[in-house]
Amino acid sequence: MEKRNSEGKVPTSLKNLDLNKSHVPKNKIHVSAYLSSSRISALKPGPPSLVSLCLGVVGRHLEEIIPCLADISDIFPADIKMSIAAIAKRRKLLDDDLVLSLADTSWEILDVSSSDVSDSGLAKVSGMCKSVRAVDISRCIKITSMGVSELVQNCRSLETLRCGGCPGSESTARRSLSLFKPDLSNVEEETWEELDVTEIGHGGHSLRWLVWPRIDKDSLEMLSMECPRIVVNPKPSFLTYSLHEVPREALPDVALDEPFVKDIDPKTWVVRGVVKNPTTSSLSLTSSSELSIAEKFRLAFAERDTRLAPKRAKNARQQQRRAERDWMMSSDEAKAVAFASKATRSLRKK
């Protein structure tokens, strides 16, 4: 009897069941809304790490640290050295001495673009960092084909080279193309299997990607005919380069060292404007676009010298006080004079 009553009540309870979404209790979170909110929160950038904040402080005072950087850089990890080098490059401070003081044998990328690194510095740093796979020497007016030759000889794993960007670097790129062409004139083996890859190239046999945005037509034709393994200015897509995925280092719009400074405040390397003085203000206002490069460098150096003058004076006073304190501690005569002066002051007080 009870069983029949329960069976009769089931349809009534089903009729009272309302599955309309508008009646979902407010304290219940809809699944889709939760997923969308979690997706949005995942896209929000988090706060910078303590390491990034410290690197920002170091970058803003990099001029003061450079003189002693060679002595303290050994205690830094490889990625920290790379971050400091990237900041120095953006602050227009990167040169041979600085890149050599920071170079690490575990580096796989080397970005010295738009810097004062020369052939000598490139040869030395490539001799230290033999595992480098990607190098950016674009807009480096002090690097010639001799430096590129040392680079490809030292770095046998070099796959990506970025060059060009200015007349000097364009000329260097054209003069360096012969380094990547195979040379079969002195080969004595009879089959391809017997050939050693080092015997048919000048050192650049591992190069696969060449980023040269303004490559001339003749150079492009020469590379396509004599160096078909090298892809010039790759543009990845779903239809091309399906066999070889284009690495991030070969994308022209991406800086090689960008991952090492992505969490650092960009204000760290913002170049401050030139301070206008009465003698140059009218010239800057009327013909700022006509200033020569030498004049711009002179004004920038004068502004930097003026900005660092108080710091140099403070350092000089600190060194003087330190020298006097060391002399007082090490000289018996100085100690006697100090004690005599204290005794004299005490007698005068009495």
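The values are calculated or read from the model by the stated rules, or taken from the named source; none is laboratory data. Everything quoted here is computed from the prediction, not taken from an experiment. Please note: Cβ atoms are built from the backbone with ideal geometry, for glycine as well, and neighbour counts cover all protein chains shown. We work out accessible area using only protein heavy atoms, side chains counted, and drop any ligands, DNA or RNA first. Shrake-Rupley method; radii C 1.70, N 1.55, O 1.52, S 1.80 Å.
Against the definition (assigned to a helix (DSSP H, G or I), touching a residue at least 40 places away in the same chain (Cβ under 8 Å), crowded, with 19+ Cβ neighbours inside 10 Å and not β-branched (Val, Ile, Thr)), how does Lys81 come out, yes or no? It is false that Lys81 is assigned to a helix (DSSP H, G or I), touching a residue at least 40 places away in the same chain (Cβ under 8 Å), crowded, with 19+ Cβ neighbours inside 10 Å and not β-branched (Val, Ile, Thr). Taking residues in region 297-320 that are within 20 Å of Arg91 (Cα to Cα), and partners anywhere that are of a type in the set (S, T, N, Q) and at pLDDT below 80, the pairs with Cβ atoms closer than 7 Å and at least 6 places apart or on different chains are Leu299/Thr280. For region 223-242, the count of residues that are surrounded by fewer than 14 Cβ atoms within 10 Å (Cβ to Cβ), in a loop (DSSP other than H, G, I, E, B) and at pLDDT 90 or above is zero. Take Ser131 and decide whether it is touching a Leu at 6+ places or on another chain (Cβ under 6 Å) and either over 21 Å from Arg60 (Cα atoms) or among the small types (Gly, Ala, Ser) (or both). Here the answer is no, as Ser131 does not meet what is asked.
If you go through region 89-107 one residue at a time, do you hit one that is within 30 Å of Val58 (Cα to Cα) and without any contact (Cβ under 8 Å) to a residue 24 or more places away in the chain?
Yes: region 89-107 contains one or more residues that are within 30 Å of Val58 (Cα to Cα) and without any contact (Cβ under 8 Å) to a residue 24 or more places away in the chain.
Scanning region 66-80 for residues that are in contact with a helix residue (DSSP H, G or I) (Cβ under 9 Å, 6 or more places away or on another chain) and within 18 Å of Asp116 (Cβ to Cβ) yields Ile66, Leu69, Ala70. Scanning region 56-76 for residues that are more than 16 Å from Arg90 (Cβ to Cβ), hydrophobic (A, V, I, L, M, F, W, C) and surrounded by 11 or more Cβ atoms within 10 Å (Cβ to Cβ) turns up Leu69, Ala70, Phe76.
The condition (being open to solvent by less than 90 Å² (accessible area, probe 1.4 Å), of a type in the set (Phe, Trp, Tyr) and at pLDDT 70 or above) is satisfied by just one residue among Phe260, Phe301: Phe260. When residues in region 90-105 are screened for being touching a Lys or Arg at 6+ places or on another chain (Cβ under 9 Å), buried (at least 21 other Cβ atoms within 10 Å of the Cβ) and in a loop (DSSP other than H, G, I, E, B), 1 of them pass. Somewhere in region 54-71, is a residue out of contact with any strand residue (DSSP E or B) (no Cβ under 7 Å at 6 or more places or on another chain), part of a loop (DSSP other than H, G, I, E, B) and among the charged types (D, E, K, R)? No, because not a single residue in region 54-71 is out of contact with any strand residue (DSSP E or B) (no Cβ under 7 Å at 6 or more places or on another chain), part of a loop (DSSP other than H, G, I, E, B) and among the charged types (D, E, K, R).
Scanning region 206-221 for residues that are at pLDDT below 90 and either assigned to a strand (DSSP E or B) or open to solvent by 40 Å² or more (accessible area, probe 1.4 Å) (or both) turns up nothing.
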